[in-house]
Amino acid sequence: MIVLEQLSRDNFAAQLNSNFRVLGAEGEACEIALIELREGRAADRQEQFALTFRGPRERFLGQGTLPMEHPALGRFDLFLAPVGQEADGFLYEAVFNRLRPE
């Protein structure tokens, strides 16, 4: 399992428009797509960005920390919050506001 602090904004930017696998508590899984990366205002040593994912219409994930997998990034836990719904699925956001590694 990857520690989330090892994944940078650039790691996620390289995976825009790709699918992430969200692992359910009882072995069930679903795919969500990374559809947007928004930059925040960052200070010298601070990194701020937000990721928006689109999940399936037939499965609402709710809010919380979920185990995720991606072929290029590995397995990690990510806190997602629902932020909307479109005709083809629910939207979720992950917000990062942290110090950059030295």
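Every residue, every condition in (1) surrounded by 14 or more Cβ atoms within 10 Å (Cβ to Cβ); (2) closer than 17 Å to Glu28 by Cβ; (3) in contact with a helix residue (DSSP H, G or I) (Cβ under 7 Å, 6 or more places away or on another chain), yes or no:
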position: Leu61; (1), (2), (3): yes, yes, no
position: His70; (1), (2), (3): yes, no, no
position: Leu73; (1), (2), (3): yes, no, yes
position: Ala81; (1), (2), (3): no, no, no
position: Gln85; (1), (2), (3): no, no, no
position: Phe90; (1), (2), (3): yes, yes, no
position: Glu93; (1), (2), (3): yes, no, no
position: Leu99; (1), (2), (3): no, no, no
inquiry  = Any residue at all in the range 90-98 that's among the acidic types (Asp, Glu), outside any loop (DSSP other than H, G, I, E, B) and within 12 Å of the chain's Cα centre (by Cα)?
reply    = yes
query = When the range 1-26 is examined, which residues are found to be modelled with pLDDT under 85 and exposed (fewer than 13 other Cβ atoms within 10 Å of the Cβ)?
reply = Met1, Val3, Glu5, Gln6, Gly24, Ala25, Glu26
key: Within the range 54-83, tally of residues that are of a type in the set (A, V, I, L, M, F, W, C) and in contact with a Gly (Cβ under 9 Å, 6 or more places away or on another chain)   = 5
message = Suppose we keep only residues that are touching a residue at least 60 places away in the same chain (Cβ under 8 Å) and assigned to a strand (DSSP E or B) within the range 68-84. Which one would you say is nearest to Gln15 (Cα to Cα)?
response = Gly74
key: Among the residues listed as Ala50, Ala13, Ala43, the single one being closer than 17 Å to Leu99 by Cα, without any contact (Cβ under 8 Å) to a residue 40 or more places away in the chain and among the small types (Gly, Ala, Ser)   = Ala43
message = Pairs please, first residue from the range 20-32 and assigned to a strand (DSSP E or B) and aliphatic (A, V, I, L, M), second anywhere and modelled with pLDDT under 95 and loosely packed, with under 15 Cβ neighbours inside 10 Å, Cβ atoms under 6 Å, 6+ apart in sequence or on different chains.
response = Leu23/Ala29
request  = Give me a count of the residues in the range 43-58 that are surrounded by 15 or more Cβ atoms within 10 Å (Cβ to Cβ) and outside any strand (DSSP E or B).
outcome  = 2
note = In the range 32-42, anything surrounded by 13 or more Cβ atoms within 10 Å (Cβ to Cβ) and among the acidic types (Asp, Glu) is listed as Glu36
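The values are calculated or read from the model by the stated rules, or taken from the named source; none is laboratory data. The model shown is predicted, which means the values in this text are computed figures rather than measured ones. Positions of Cβ are generated from backbone atoms using ideal geometry, with glycine treated the same way; all protein chains shown enter the neighbour counts.
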